[in-house]
1. Look through 96, 106 and report the one residue that is touching a residue at least 60 places away in the same chain (Cβ under 8 Å), in a strand (DSSP E or B), among the β-branched types (Val, Ile, Thr) and surrounded by 18 or more Cβ atoms within 10 Å (Cβ to Cβ).
2. Could you please find all residues in the range 36-56 being buried (at least 18 other Cβ atoms within 10 Å of the Cβ) and not charged (D, E, K, R)?
3. Where residues in the range 1-59 are charged (D, E, K, R) and touching a residue at least 12 places away in the same chain (Cβ under 8 Å), which of them is farthest from residue 72 (Cα to Cα)?
4. Name the residues in the range 38-74 that are farther than 24 Å from residue 99 by Cβ, among the charged types (D, E, K, R) and touching a strand residue (DSSP E or B) at 6+ places or on another chain (Cβ under 8 Å), would you?
5. Taking the stated definitions as given, is residue 41 among the charged types (D, E, K, R) and either in contact with an Asp or Glu (Cβ under 7 Å, 6 or more places away or on another chain) or at pLDDT 95 or above (or both)?
6. Test of understanding: among 113, 118, 88, 78, which residue is in contact (Cβ under 8 Å) with a residue 40 or more places away in the chain, farther than 26 Å from residue 5 by Cα and exposed (fewer than 12 other Cβ atoms within 10 Å of the Cβ)?
7. With respect to the numbered conditions (1) closer than 25 Å to residue 10 by Cα; (2) touching a helix residue (DSSP H, G or I) at 6+ places or on another chain (Cβ under 6 Å); (3) hydrophobic (A, V, I, L, M, F, W, C), which one is the sole condition not fulfilled by residue 96?
Amino acid sequence: MNQLSVKCLNDLNQFRSAPTIDSKQASSILKELEHAMKQAEWFTIGIMADSEEEAILSLRKIEAYFAWVQMRKIKSPNKKGPVFLKANQQSGDVSIRIEHGLGKGILLAGQSNDSGKNFETWGPFPLDFFK
């Protein structure tokens with residue numbers, strides 16, 4: 001699947017790393033994502049990036065885009081390298097670990113305190129998707 005094949009939110013599920021998405025595709029996918037997110041009470045975010053700094057920058061853009069309270073880093077690696085950042089909007093906690101062999105991008109998952117509600121994981125979105 002290539003960039004031209006990305007027509008809707010679920011098309012992103014086929015990628016290991018986020019594809020390049022043009023502005024028309026991004027606009028359409030964002031509308032679909034925002035609609036899907038309305039059913040969730042809170043979110044977890046996974047960010048796969050080349051560095052801790054790149055992952056944190058992407059997280060801050062997501063927080064600003066959705067007007068979320070800024071989350072706090074509770075765990076980070078003591079060395080440089082590719083990372084996986086996991087953020088939990090409910091707890092406000094962010095942990096980062098070195099992780100080799102991952103793709104690159106952002107994953108969002110809706111969550112609920114109601115165990116009967118199930119949500120998909122959406123993405124991967126490009127690291128600069130939420131502007």
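The values are calculated or read from the model by the stated rules, or taken from the named source; none is laboratory data. All values derive from a computational prediction rather than experimental measurement. Cβ: placed from backbone, ideal geometry, glycine included. Neighbour counts: every protein chain shown.
1. Values: 96 fails: touching a residue at least 60 places away in the same chain (Cβ under 8 Å).
Going through 96, 106 in turn, the sole match is 106.
2. Matches in the range 36-56: 43, 44, 45, 46, 47, 48, 49, 55, 56.
3. Step one: list which residues in the range 1-59 are charged (D, E, K, R), which gives 7, 11, 16, 22, 24, 31-32, 34, 38, 41, 50, 52-54.
Now drop any that are not touching a residue at least 12 places away in the same chain (Cβ under 8 Å), which leaves 7, 16, 22, 32, 41, 50, 52, 54.
Details: 7: 34, 16: 27, 22: 31, 32: 28, 41: 19, 50: 20, 52: 14, 54: 16 Å.
Only one residue tops the list, namely 7.
4. Matches in the range 38-74: 41 only.
5. Working: among the charged types (D, E, K, R): yes; either in contact with an Asp or Glu (Cβ under 7 Å, 6 or more places away or on another chain) or at pLDDT 95 or above (or both): no.
It is false that residue 41 is among the charged types (D, E, K, R) and either in contact with an Asp or Glu (Cβ under 7 Å, 6 or more places away or on another chain) or at pLDDT 95 or above (or both).
6. Working: 118 fails: in contact (Cβ under 8 Å) with a residue 40 or more places away in the chain; 88 fails: exposed (fewer than 12 other Cβ atoms within 10 Å of the Cβ); 78 fails: in contact (Cβ under 8 Å) with a residue 40 or more places away in the chain.
After applying the criteria, what remains is 113.
7. Here residue 96 clears every test but (1).
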